[in-house]
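Taking it in order: structure first as structure tokens, then the write-up.
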Amino acid sequence: MSIDLSTRYLGLDLRNPLVASASPLTGSVDSLKRLEDAGIAAVVLPSLFEEQIEHEEMATHDLMNFGSEVSPEARGFFPELAPTGSGIDKYLQLIADAKKALAVPVIASLNGHTPGGWTHLAQQFEQAGADAIELNVYFLATDAADTSEAVEQRYVDLVSSVRGITKVPVAVKVAPYFSAFANMARRMVAVGASGLVLFNRFVQPDIMLDELEVAPHLVLSTSDELRLALRWIAILHGNVQASLAATGGAHTTDDVLKVLLAGADCVMMASCLLQKGPGHVRALREGIERWMSEREYESVRQMKGSLSQRACPDPAAFERSNYMKALKSYSSRFA
Amino acid sequence: MSSENNMTEHWHVLDGNEAAARIAHLCSEVIAIYPITPSSTMGELADAWSAEGQTNLWGAVPQVIEMQSEGGAAGAVHGALQAGALSTTFTASQGLLLKLPNMFKIAGELTSTVFHIAARTLATHALSIFGDHSDVMTARTTGFALLAASSVQEAQDMAAIAHMATLKSRVPFLHFFDGFRTSHEVNKIALLSSEDMRALIDEDLVKAHRARALNPDKPVMRGTAQNPDVFFQAREACNSYYQAVPGIVRKAMERFHLRTGRRYSLFWYHGSPDAERVIVQMGSGVGATREAVDKLVAAGESVGLLTVRLYRPFDVQGFIDALPKTVRAIAALDRTKEPGAIGEPLYQDVVTALAEAWPGAVKMPRVIGGRYGLSSKEYTPAMAKAVFDELKATQPKRHFTVGITDDVTHLSLKVDDDFDTEPADVTRAVFYGLGADGTVGATKNTVKIIGENTPLHAQGYFVYDSKKSGAITVSHLRFGPRPIESTYLIRRADFVACHQFEFMEKLDVLSLARPGATFLLNSPYGPEEVWSKLPRDAQQTILDKKLRFFIVDALTVAGQAGLAGRINTVTQACFFAISGVLERDAAIEQIKESIRKTYGRRGDTVLNRNFAAVDASLAALREVKVPARADSRFSRRPVVARAAPDFVQRVTAMMMDGKGDLLPVSAMPVDGTFPTGTTQWEKRSIAQEIPIWDETICTQCGICPLVCPHAAIRMNVFPAEAMKGAPETFKAVPWSRKDGGPLDNLLYSLQVAPEDCTGCGACVDMCPTRSKTELKHKAINMAPKLEHLEAERANYDFYLKLPEQRVPFDKIDGLRGSQFRLPLFEYSGACSGCGETPYLKLLSQLYGDHLVIANATGCSSIYGGNLPTTPWSRNAEGQGPVWANSLFEDNAEFGLGMRLAIDAQRDLAQHLVGQLRGAIGDALADALLQSPQGSDETIKAQRERVKSMCAILERIDAPQARQLIAVADSLVERSVWIVGGDGWAYDIGYGGLDHVLASGRNVNILVLDTEVYSNTGGQASKSTQRGAVAKFAAAGKAIGKKDLGMIAMSYGNVYVAQVAIGANPVQTVRTFQEAASWPGPSLIIAYSHCIAHGIDMTTGFSHQREAVKSGYLTLYHYDPRLGMGGADQPLKLDSRKPTLPLEQFTMKEGRFAMLARADPARAKELSRKAQTDADARWTLYEQIAGVHRTVTEQGDVPAATHAAPPEAE
């Protein structure tokens, strides 16, 4: 029996639910092609960080100005070089090149921090040929004066501003740190988010004991981390009019199956592809087919959300009691 | 421009260098370049244009090549010409002298070329980077035609005419314009297009030039040797070509006029048609003279100016014809000096021309000759008037000077400073800024905005002080309805802006404001508060002159716009808003457009932030309601302390106060000899933050004083009783070294010199000690200066009076011991955080009292020797380093000469001691001849012995005794150090350096290796690393760095070390001592970070560690002593095998990272090769370090004894 692995995400038809999320692997046409050849269904390009672009432009500007006109003998210390295009230009080129090289949808990802930057860049992504835009929202409210209301409104405003100027679908990749996440999800969808990508993982600072310094420390995800997304996908499935993508911890066939059952329209992966290479996509796809075949599932559509909160026999399992029950069963095993 | 011009032009604002370089680039196929101020820009532009692919008139991109010296550039041009290419070069000053030998050849071979010269003073009693004609006048005998341009417009137009005429005449041309006054003045000029140049350059002549090329298909030879039988005749064979030149230039000028509408002539007369008094002059000074002529003629005087354009060949009849027949008296003004000549060159030419060709029927005019404007000395219309007045006298001075006060030979003319020629419809604005705040860039932009977008003409000229950190800049801008040719500084400004509030206490910024002028001050204080923060004299001036007073808090506005520290956009917007030069809204639009043009390639962020700053500026601009009276209780600070010595009070202080022009001749040393140790009197106080010591956690390691580039952190130990009278805030703690004996019970203090610190923060960055409870807190921490200034000033005064400033050890004790020694190189004007100066300071600490330095031209000669104040100092006994600079190219030879002289005098003295042994006494004579001298104590003892001997000799009436007294000091050890940068050591001075290394003599060579020509703005040298972007290597240097150390090691008997003081300070201190103690030649290559690397200068020293970790730099020393008798391997590696990928180091530097942005593929490829270089270098060194090498004792090292290397710490 042939199994239909196809799914729809952000209104895009995907040949299967496996999507490469933003990582160095999606940063070159060469590796994108390898992902596609291995069977990936869509790709999310690495995030263009508005702050990074600004930083680079200002750093070059400061460099060119550095030491200039301080002495009658030197107007400056560097020849005026024309960068071969700003970071934005290079990114737009990557979108265009990826579109040209790939048959699968290409999703551009944007990490902005100003309203102007979001809309301006999103528009350029669309013009460069992106099939969809993923907004990678990151705002850490470290200022004690920032209220949760203001932070939430900021998210809503950002989504709304981008939605207002782009025709392609817009997904929002968010962190789980909201007091009322379900409500936040609904508000973002209400202002035009076509999909939600759950959840963003951030590079957390670490303390280097040898150097006695604080430094960012990138750790790849593990399967255990996926359960946070699994819970919220299960809760949101059927409750918001938007696609849902699981990200952060999908490594194995089992991981993929679980979030699909919870209600994800697709599963995004980075860590496992970085660790095992693009060929891992093939193994995952085969594993999904095998499992579905063993359980006589005909299609991904059929099984998607079949264990969501709405559809599962024990909806409370996704709620607070779930924690109680877990502890109870854990202790009872050794009682 | 000097003539009528009614045709439609493309107006652009540019400087003289760019104006000339554009034409040169269009008309050349091969361009050989070498940096030298003020002509470097021409080479930089040509290189950049070719790197961008800009083509010449024939559609090819000119080949631009940097050579190892100007001599090399001239040789390359000569070769290119012989091979048929159209070729050019640019230079100035001593650079032109290096080209002279080739110029004789090029002219002798009747080869068409144009050399473009930004005329600059030749170094004589002192170096000067500024402008006069002493360089071009040395080229008079080469056979080159000399064509003078007197303005930015002419720098372009004469360049074109020179290129036209040389092709026709076959005589090579030297086209010159005044350094700085024209080369660096920005002015609005009518631009020649490529089409214009195509129309002006005759293709047949180009073909003829090519046809004369050496070509194996039509073989000929040139450069033969000729004998007495034919040389003379052959030399005369070119005469007809020279006779034809004036006619050819005249025709070229006519053709140029037809094309452009601008009319020029060989000699151009301006003034009263029946003038009786005429000034003959060439160069930029004619602008000022012309203004004087116009005003005097309008007042009814019969005066005129004859401008010389074609100076060689001198067209005698053309000159006579150009003079009004009514002329009775002529003053020939020369911008050069020829000591001992009857008169300067132009004067002599005028006299000769009159003698040869003045019509017999009319009485020949009287001619007097005057010098003006040496080294860019101001030359004003008032001075021109003084010359005209002198011509009226019945017995005028036959030879005179103007612009100075000569109270010795009384040659100078008196000048009426109130004579003002500037018309009322010209707006004059003066801007005071810091080099780092972007003022010059912004004011240049302002000139462009007005010049290129309005019918107004515009001019900008920029004056800098001689410091590299905290440099003060003054921008002089004029805007008016006619071309602006006022070639002198503004004296009465309609608008004065002061972009740094602290200048109000340092400078008399309002002295140039005319009554009723507008004053804009960048002020952190609001309109209500600012008045009370001004010194009383400034308040009074504002009141007296009835100035309109505006303020803006530019730092805050810029910071809020994301342009921290770059206040230029803000102040520029404010200038337009209140100066009234342009209508306000239009001006703001123009600023934005200009920002778009200037920064368009740098990205939207840069644009948007600058736009935001412009908009916010206007909102932040406030007019101050000026109170009725001056009520401040403080005034401008005195320039120097009362304790300063007489010379500093009389002379140095005047220069520091910007009044050096007022010093008379009698104030100047006659031979260029100046006292040392003068920076201590110049309290510049430029730091915002200074380091404050936390004595509770300090380990007294000595790193912070070691790396302090400005000797602004000192450490000392002293007896507890010396604390008597210490200020309450003065800190001292028990000295940590407890090794028993008399050194116990001493106190230790670490003290900052708060007004000499530049605030670089290198000390804090390098401090290894952190607080256990708060890791960011170190044993030394930056803190706001204003909070600590008063206390630390008192503390430092007290510290300097502590009884013993010398180390209480009898030998130098490694890193820490070196830092207890008094630095005799202090408070230099080097860049904040400079990577070079700690090495020099260390040198002065180790050997300062008997140190002899030959210093190559470059950064170290500027921060080391540029007046008004110099950092080389002296100890309490009055001993200290002696320092001299000869040239750029000959420093190794210069230092070797010093060594030879010292050795010769020592030999003579020793010989005389032997002869006079009977009178001196055997014991003293033996001690004088045989005592070792390797430490403070032994040198001190020898000095005592010399003193005793001289006392004895004074009582002896014998010629040998007198002779011995004269050379007695040479019996005391002298440590000779030859110091310079990589431009000198790797390039221009390499031949000499190599020869000195091979001499076997006891000299120490210290190369301050910044891997670029730092002083002239970061041009590539052969030390520049592969993949680094530098000027003249705009596409990233394609080949690797020359291994100078390895070349030196090849001699076997040369001590060689490569050091990086930030990476391994202990090794640095040790190798300095080893080099000094090695009695043969030594070479230390000292890695020096530099602002030209594009790094954060605060972390420059700690960044050096990564240079070593990544294998970018390998630390080593090669000590021939270890190879004596083949006992050991002389090369020792002092750094470990690299553990970091090279890119992790290089990508932290702008010079490498920039290429990665501009050309990622090339950057990647060069980076890969650079990694291979580094790997191969390490492997090679590692192998050599394992090789036993025998260094032959006999004959390799002249001294009989080989001092042992000092023990490693």
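Search the structure for amide H atoms under 5 Å from the amide H of residue B:369, placed 1.01 Å from N in the peptide plane, and list their residues when 5 or more places away or on another chain.
Residues meeting the amide H criterion: B:332, B:399, B:400.
Could you tell me what fraction of 2.2 N^0.38 Å the Cα radius of gyration of chain B comes to, as a two-decimal ratio? Don't skip to the end; give the middle numbers.
Values: Rg = 31.8 Å, N = 1209, 2.2 N^0.38 = 32.6 Å.
Here the Cα radius of gyration is 0.97 times the empirical estimate.
Might you report the magnitude of the Cβ-based charge dipole of chain B about its Cα centre, with Lys and Arg at +1 and Asp and Glu at -1, to the nearest 20 debye?
Here the size comes out at about 1120 debye.
Computed on alpha carbon atoms, what radius of gyration and Dmax characterise segment A:7-329, expressed in Å?
My reading of the Cα-based Rg and Dmax gives 21.5, 82 Å.
Note the full-extension length gain between residue A:228 and residue A:100 as 0.36 nm times their separation in residues minus their Cα-Cα distance, in nm to one decimal.
Stretched out fully, the residue A:228 to residue A:100 stretch lengthens by 42.5 nm.
When only C-alpha pairs under 8 Å and at least 6 residues apart count, what is the relative contact order of chain A, in percent?
Details: 583 pairs, mean separation 62.2, N = 335.
This gives 19 percent for chain A.
Which shape class, rounded, prolate or oblate, goes with the protein assembly as shown when its Cα gyration tensor gives a ≥ b ≥ c as root eigenvalues, a/c under 1.5 marks rounded, and past that a/b bigger than b/c marks prolate?
Prolate, because a/c is 1.5 or more and a/b exceeds b/c.
What is the distance in Å between the Cα centroid of segment B:589-636 and that of segment B:503-567?
Comparing the Cα centres of segment B:589-636 and segment B:503-567, I get a distance of 13 Å.
Would you mind working out the magnitude of the charge dipole of segment B:298-410 relative to its Cα centre, with +1 at each Lys and Arg C-beta and -1 at each Asp and Glu C-beta, to the nearest 20 Debye?
About 160 debye.
Given H placed 1.01 Å from N in the peptide plane, which residues other than close sequence neighbours of residue B:66 have an amide H under 5 Å from its amide H?
Hits under the 5 Å cutoff: B:33.
Averaged across B:1028-1035, how many Cβ atoms of other chains sit within 10 Å of each residue's Cβ atom?
3
Considering only chain A, what is the antiparallel percent among its DSSP beta bridges, to the nearest 5?
Expressed as a percentage, antiparallel bridges in chain A total about 25.
Give me the net charge of residue A:226's neighbourhood, meaning all other residues with Cβ under 14 Å from the Cβ of residue A:226; Lys, Arg count +1, Asp, Glu -1.
Once all neighbours under 14 Å are counted, the net charge is 0.
Putting +1 on Lys and Arg Cβ atoms and -1 on Asp and Glu Cβ atoms, find which of B:1046, B:31, B:1111 reaches farthest to the positive end of the dipole of chain B.
B:31
Consider a paramagnetic label point 7 Å from the Cα of residue A:138 along Cα→Cβ; state which residues of segment A:21-58 have an amide N under 19 Å from it.
Only A:21-28, A:44-58 pass the distance filter.
Report the residues of segment B:868-894 in range of a label on residue B:125: point 7 Å along Cα→C-beta, backbone N strictly under 19 Å from it.
Residues B:868-870, B:883-887 qualify, since their backbone N sits under 19 Å from the label point.
Measure off 7 Å from each Cα along the Cα-to-Cβ vector at residue B:364 and residue B:955, then give the distance between these two points in nanometres to one decimal.
With each label point 7 Å from Cα toward Cβ, the separation is 6.9 nm.
What number, in percent, do you get for the relative contact order of chain B if the mean sequence gap of Cα pairs under 8 Å and at least 6 apart is divided by its residue count? Working shown, then result.
Values: 2559 pairs, mean separation 81.1, N = 1209.
That works out to 7 percent.
Would you work out the charge dipole size for segment A:7-329 about its Cα centre, treating the Cβ of every Lys and Arg as +1 and the Cβ of every Asp and Glu as -1, and quote it to the nearest 20 debye?
Dipole of segment A:7-329, to the nearest 20 debye: 1740 debye.
In whole angstrom, how far apart do the alpha carbon centroids of segment B:652-707 and segment B:957-1003 sit?
Comparing the Cα centres of segment B:652-707 and segment B:957-1003, I get a distance of 28 Å.
Whole-Hz ³J(HN,Hα) for each residue in segment B:522-528, computed from phi via Karplus 6.51 cos²θ - 1.76 cosθ + 1.60 with θ = phi - 60°, x for glycine and proline: what do you get?
7, 10, x, 9, x, x, 7
Can you tell me the FRET efficiency between residue B:533 and residue B:54 if r is taken as the Cβ-Cβ distance and R0 is 56 Å, rounded to the nearest 0.05?
0.65
How well do other chains shield peptide A:188-201, expressed as the mean number of their Cβ atoms within 10 Å of each residue Cβ?
Average per residue, whole number: 0.
For the protein assembly as shown, what is the mean residue ellipticity at 222 nm derived from helices alone (per DSSP H run of n ≥ 4: -39500 (n - 2.57); sum divided by total residues; nearest 500 deg cm²/dmol)?
About -11500 deg cm²/dmol.
Within segment B:342-384, what residues put their amide N at less than 15 Å from the label point 7 Å along the Cα-to-Cβ vector of residue B:661?
Those under the cut-off are B:372-384.
Could you give the nm distance between label points at residue B:593 and residue B:786, where each point is 7 Å from its Cα heading toward the beta carbon?
Simple spin-label model gives 4.1 nm for this pair.
Suppose we keep just the DSSP beta bridges with both residues in the protein assembly as shown; what percent of those would be antiparallel, to 5?
Among the beta bridges of the protein assembly as shown, antiparallel pairing accounts for roughly 40 percent.
If you take the square roots of the eigenvalues of the alpha-carbon gyration tensor of segment B:115-154 and sort them as a ≥ b ≥ c, do you get rounded (a/c under 1.5), prolate (a/b over b/c) or oblate?
Oblate, since a/c reaches 1.5 and b/c is not below a/b.
For residue B:659, which lysines qualify as cross-link partners when the Cα separation must be under 24 Å and same-chain residues fewer than eight apart are set aside?
Cross-link targets: B:337, B:377, B:385, B:414, B:467, B:468, B:506, B:545, B:683.
Given the Cα-Cα distance of residue B:900 and residue B:650 and 0.36 nm per residue of separation, how much length would full extension add, in nm?
Numbers: separation 250, 0.36 × 250 = 90.00 nm, distance 3.70 nm.
Full-extension gain reported as 86.3 nm.
Can you compute 3J(HN,Hα) from phi for each residue in segment B:112-120, using the Karplus curve 6.51 cos²θ - 1.76 cosθ + 1.60 with θ = phi - 60°, rounded to whole Hz and x for Gly and Pro?
6, 6, 10, 9, 9, 10, 8, 4, 9
What ³J(HN,Hα) values, in whole Hz, does the Karplus curve 6.51 cos²θ - 1.76 cosθ + 1.60 give for segment B:267-273 when θ = phi - 60°, with x put for Gly and Pro?
10, 10, 9, 9, x, 5, x
Report, for chain B, the % of DSSP beta bridges that are antiparallel, rounded to 5.
Roughly 40 percent of the DSSP beta bridges within chain B come out antiparallel.
Would you please give the residues with an amide H less than 5 Å from that of residue B:777, counting only those at least 5 places away or on a separate chain, with H modeled from the backbone geometry?
B:771
Distance from the Cα centre of segment B:89-132 to that of segment B:1082-1160, in angstrom?
37
At residue A:220 and residue B:1132, where each label point lies 7 Å from the Cα along Cα→Cβ, what is the point-to-point distance in nanometres?
Each label point is offset 7 Å from its Cα along the Cβ direction, giving 4.6 nm.
Of the options A:77, B:388, A:230, report the single residue whose Cα projects farthest towards the positive end of the charge dipole of the protein assembly as shown (beta-carbon charges: Lys, Arg +1; Asp, Glu -1).
A:230
Rank these for me by crowding, B:965, A:233, going from fewest to most other beta carbons within 10 Å.
Starting with the residue having the fewest Cβ neighbours, the order is B:965, A:233.
Can you sort B:872, B:11, B:984 by how many other beta carbons sit within 10 Å, fewest first?
B:11, B:872, B:984
Give me the extension gain from residue B:628 to residue B:1140: residue separation times 0.36 nm, minus the current Cα-Cα distance, reported in nm with one decimal.
177.6 nm
Would you mind checking the tilt of helix A:148-165 against the longest principal axis of the Cα atoms of chain A, expressed as 0 to 90 degrees and rounded to 10?
That works out to roughly 80 degrees.
Taken together, the values in this text are just the output of simple stated rules run on the coordinates, not laboratory data. Note that the coordinates shown come from a computational prediction; the quantities given were computed from them, not determined experimentally. Quick reminder, even Gly has a Cβ in these numbers, built from the backbone with ideal geometry, and neighbours come from all protein chains shown.
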